[in-house]
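Notes follow once the structure below has been shown.
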Amino acid sequence: MLAICLALLFVMLLLGFFVLSFVRTVGSKQEQQTAIEAAALAAAKALARIVVEDDNVGFVALADYPPTGKATKAEDNYFLSVRGINTLIGTVRADMIVADRLKDPVMKELAKRDYRHAMIAKDKLLAQLERAAEQDGIGKDYDGQEVSPYLEARKAYRENAIRMSGAKASLDEPSLKLTLGCIRGVATNTRVPQPTSYAAVTPQQAEYRCYKAYENIKYNDYDFVFAAVGQNFRLVDPKRFRTDADDVPYFVPSIVKCEADEVFTESNAAGAKKRWKVHAVACAEPGSLQDVRPCPGALVISFPDGPPNPAQFNQPGALLTLGEIIAPPADLVQSPLRGDYPLTPLSDVTLPILTEKNPPFGQLVSLAIYDWVRRAGTNINIEALIAMLSQPLNISSNEGQAHVFEFAPSGSINYSVVSAAPELATSHKQIRAITGLALQNAIGKSYDIVLKDYVYQPGRVLGGIHAGEPVGEVPTPPTYQTQIGFDICPPAFADDSSMGNSLEEKAQALSNFPVGPGSGALRPTFKKSGVAAEIRFRAR
C-alpha cells in the first residue's frame with residue numbers, strides 16, 4: 001500500500017512539473033506576443049506621423065492631418081494640412097476622370113502633370129519611411145519633433161511585457177527588427193469618386209466604396225497603387241505579410257512587421273540555470289482620418305457691374321464653351337513674385353502647361369476650374385460637377401452680384417448668390433489674367449474678364465506667402481442659396497460697405513490678407529469659405 005502511495009505521489013510530482021513547465025512555456029509565449037503586438041502598433045503610429053515636404057504638392061505623409069502642425073506654418077503664420085499619400089494619388093485619379101468627362105485637353109494635361117508630381121512625392125516619402133524604419137532611423141512629424149519608429153517600438157515592448165512565466169526575462173535588443181511591406185487586398189479608407197458609375201473601378205478593386213490596397217487600379221494607362229492605410233490603427237495577420245508585390249509597378253510599404261526574441265532565465269534548486277528564447281512576430285497597419293476639408297474653397301463668378309446678356313451667358317459651363325470667352329487671347333498673364341499685389345508689383349509669366357505667352361483665355365479658365373476641382377480631393381461627386389456646369393445662373397436683377405460654388409464635404413456642390421464685393425488682391429506667386437472687351441450685354445455695355453487663381457501652386461516652397469490656400473473676407477448672409485448636394489459652407493464674400501469708400505481704401509483693405517500670430521494658427525478659410533478662384537466680368 002505504501003509503495004502504491006509513493007508511486008502515485010511520484011506520478012503527481014512529475015505531472016506537476018510538466019504542468020508548471022507547460023504554463024511557463026505558454027506564459028512566456030503569451031507575454032512575448034502581448035509585447036510584440038504593442039511594439040508593432042507603436043511603430044505603425046510613429047511611421048504614420050512622419051512627414052516630408054515636397055516642392056510641388058506640399059506636406060505628405062502616410063496619414064492625413066488637419067492644419068495644426070507647428071512645422072507646417074506658412075509665411076503668413078497659418079498652418080497647412082498634411083496630405084496622406086493615398087489622398088494625393090486618389091485626387092489625381094479623380095481629376096483625370098473629371099478631365100475626360102469634360103473633354104477638356106488643358107485639364108487632361110494638368111492631371112498628367114499632377115501625376116508626375118505625385119510620383120515624385122511618393123518616392124520622397126517612401127525613401128524617408130525606409131530610412132526611419134532602421135534601428136537608428138529618425139524622421140520628423142508635423143510639429144517638427146523627431147520620430148524614431150524603432151525606439152517607439154522598443155519602448156512599447158518593454159512597457160507591455162506582462163510576466164506570466166515566473167522566469168526572469170529580458171528583450172534580446174539586437175533581435176528587435178522592423179520591416180516594411182504590404183498585405184494585398186485590404187481596404188483603404190480612400191474613397192472612390194462618386195457616383196461609382198464614374199469611378200472606373202471593378203468590384204474587385206474597391207470595398208465599401210474605398211480603393212483596395214496594393215492593386216493596380218489603372219486609369220488611362222496610368223498606374224494607381226494605394227497603400228494599406230485604414231480608418232484605424234490595427235493588427236493584421238503576419239502570415240499575409242510580404243516585402244514585394246511583383247505584379248504592381250510601385251507601392252508604398254505601409255504595413256510594419258515587428259519581430260524580436262525574449263530571453264528567459266530560471267534556476268533550479270541546485271542553482272543550475274536554464275535559458276531559452278521565444279521569438280514573436282506581429283504586423284500592424286496605420287490608420288488615418290478621411291481627408292474631409294470643411295470648406296475647400298469657392299469658385300466665384302462675379303458681376304460687380306451687373307451681369308452680361310443672360311441669353312449669351314446663363315450657366316457656369318459657358319466659361320468652357322462660349323467662343324467670346326475661350327477664343328480671345330489673354331492680354332496679360334501675371335503673378336506677383338515678391339508679395340501680394342497691389343502691395344508688390346505684378347510680373348508677366350508663362351505657365352508651364354500653357355506654353356504661349358498670351359494663350360487663349362479659355363485655357364486659363366480651364367486651369368482655374370481644374371485647380372478649384374483639385375481642392376475637393378478624392379470624395380468629389382463628378383455627377384454633381386457636371387450638373388453644376390449646366391445649372392442656370394440665378395440672375396434676378398441687374399445689380400452687382402457674385403455666384404459662389406463650393407464643394408461640400410459630401411462631394412456635392414453648394415451654390416449661393418451674394419452681393420458683389422470689391423476686387424480681391426492677387427496672392428503671392430499665384431495667377432492673375434485679363435482679356436479685354438470679351439462680352440457685351442443687351443444694351444451694348446462691354447466687359448473685360450479678370451481671372452484670379454489663388455490655388456494654382458500649392459505648398460509653401462513654390463506657393464508663396466499663403467502657400468496656395470484660399471483667401472477671402474468674412475461673408476454676409478447670401479441673397480440666394482441652393483444645393484447641388486449638402487452641407488452648406490458660409491459663402492465667400494462680404495458686401496462693399498465693409499471695405500471702405502474710396503478706391504484707395506478698398507485696395508488697402510483687400511491687399512492685406514489676414515496674417516496669423518507668430519506662434520501660428522488655424523487658417524480662417526479652413527472652416528469658413530474662402531475664394532479658390534474668381535472669374536470677374538468687369539464693365540468698361
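The values are calculated or read from the model by the stated rules, or taken from the named source; none is laboratory data. The shown structure was predicted, so the numbers you read here are calculated from the model rather than taken from an experiment. Every residue, glycine as well, gets a Cβ built from its backbone with ideal geometry; the counts of neighbours run over all protein chains shown. Areas reflect the complete protein model, heavy atoms only, side chains present, ligands, DNA and RNA absent. Shrake-Rupley method; radii C 1.70, N 1.55, O 1.52, S 1.80 Å.
Starting from residues that are free of Cβ contacts under 8 Å to residues at least 60 places away in the same chain and open to solvent by 10 Å² or more (accessible area, probe 1.4 Å), keep the ones in the range 211-229 and report whichever is farthest from Val292 (Cα to Cα). Ranking the candidates gives Asp221 first. Regarding the range 181-204, can at least one residue be identified that is in contact with a helix residue (DSSP H, G or I) (Cβ under 9 Å, 6 or more places away or on another chain) and farther than 27 Å from Ile89 by Cβ? Scanning the range 181-204 turns up no residue that is in contact with a helix residue (DSSP H, G or I) (Cβ under 9 Å, 6 or more places away or on another chain) and farther than 27 Å from Ile89 by Cβ. In this structure, Asp247 does satisfy being touching a strand residue (DSSP E or B) at 6+ places or on another chain (Cβ under 8 Å) and open to solvent by 30 Å² or more (accessible area, probe 1.4 Å). Of all residues in the range 125-149, those satisfying the criterion of being farther than 10 Å from Arg49 by Cβ and assigned to a loop (DSSP other than H, G, I, E, B) are Ala133, Glu134, Gln135, Asp136, Gly137, Ile138, Gly144, Ser148. Scan the range 409-419 and tell me whether some residue there is among the aromatic types (Phe, Trp, Tyr) and under 28 Å from the mean Cα position of the chain (by Cα). Looking for residues that are among the aromatic types (Phe, Trp, Tyr) and under 28 Å from the mean Cα position of the chain (by Cα), one finds at least one in the range 409-419, hence yes. Looking across Glu356, Glu262, Glu266, Glu285, one residue alone is modelled with pLDDT under 90, among the charged types (D, E, K, R) and open to solvent by less than 30 Å² (accessible area, probe 1.4 Å). It is Glu262. Just one residue in the set Asn86, Asn56 is at pLDDT 95 or above and touching a helix residue (DSSP H, G or I) at 6+ places or on another chain (Cβ under 7 Å); that residue is Asn56. Residues in the range 344-400 that are part of a loop (DSSP other than H, G, I, E, B) and among the polar types (S, T, N, Q): Thr344, Thr350, Thr355, Asn358, Ser390, Gln391, Asn394, Ser396, Ser397, Asn398. The residue of the range 289-307 that is farthest from Arg374 (Cα to Cα), among those that are open to solvent by less than 10 Å² (accessible area, probe 1.4 Å) and touching a helix residue (DSSP H, G or I) at 6+ places or on another chain (Cβ under 9 Å), is Ile301. Mind checking whether some residue in the range 59-68 is over 30 Å from Pro514 (Cβ atoms), modelled with pLDDT of 85 or more and surrounded by 18 or more Cβ atoms within 10 Å (Cβ to Cβ)? Within the range 59-68 (the criterion being over 30 Å from Pro514 (Cβ atoms), modelled with pLDDT of 85 or more and surrounded by 18 or more Cβ atoms within 10 Å (Cβ to Cβ)), the answer is yes, since at least one residue qualifies. A search for C-beta distances below 7 Å between a residue of the range 91-119 that is outside any helix (DSSP H, G or I) and any residue that is buried (at least 21 other Cβ atoms within 10 Å of the Cβ), counting only pairs 6+ apart in sequence or on different chains, returns Asp104/Ser366. Within the option set Ser390, Ser427, Ser446, being over 25 Å from Thr190 (Cβ atoms) and crowded, with 23+ Cβ neighbours inside 10 Å holds for one residue only, Ser427. All conditions but one from (1) modelled with pLDDT under 95; (2) under 30 Å from Asn309 (Cα atoms); (3) not polar (S, T, N, Q) apply to Glu383; the one that does not is (1).
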